[in-house]
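Nothing in this text is a laboratory measurement; each read-out follows from the coordinates by a stated rule. Bear in mind the structure is a predicted one, so any value in this text is a computation, not a measurement. Virtual Cβ from ideal backbone geometry, glycine too; neighbours counted across all protein chains shown.
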Amino acid sequence: MTRIFIDGDACPVKDEVLRVAARHQLPVIIVANRWHRIDHYLVEQVVVAEGADAADDVIAERCQDGDVVVTADIPLAARCLAKGALPLDSRGRAFQEANMGMQLAMRNLMTDLREQGTVTGGPSGFTKQDRSRFLDGLERLVQAARKR
């Protein structure tokens, strides 16, 4: 059965995930460094110790072929893809093996530029259009996962 994992600490689309999960009756596992105030019959919360990759390690270990993973973390997305999971960012863009190398390289370049002070900004603000794209992307991935 398909499950939806959420890399939970900075995820802005938890409510949208719950709407899609309820429609398809899919379990949701929120993995985070702290407890979230979400009381829903489909949700399991996993609270991990503080640490840079603690939540990522749990998600990468537990996800399986056909699971959907909601994350903005590119290295985590690569680990999930390697296990056959379907990662999606909070703006509705599905991560794909075909461009994962380029995404990892771009992430590393941007990290270096931020450390040097060359780039000081982050991503643009989250909009209603981003939420809409996320809902559409999640629905597509859930349907694809269920067809497997």
(request) Take every Cα-Cα pair in the chain and report what % of them are more than 26 Å apart. (result) 22 percent
(request) Once you have the Cα-Cα distance between Met1 and Gln96, take 0.36 nm times their residue separation minus that, and quote the gain in nm to one decimal. (result) 32.1 nm
(message) Can you compute the FRET efficiency between Trp35 and Arg146 using 1/(1 + (r/R0)^6), with r the Cβ-Cβ distance and R0 = 41 Å? Round to the nearest 0.05.
(response) 0.85
(message) Taking 0.36 nm per residue of sequence separation and subtracting the Cα-Cα distance, how much length would be gained by fully extending the chain between Leu135 and Ala54, in nm to one decimal?
(response) 26.5 nm
(request) Working from Cα positions, state the angle (0 to 90°, nearest 10) between the long axis of helix 128-147 and the longest principal axis of the chain. (result) 60 degrees
(message) Nearest 5 percent is fine: what portion of the DSSP beta bridges confined to the chain is antiparallel?
(response) 5 percent
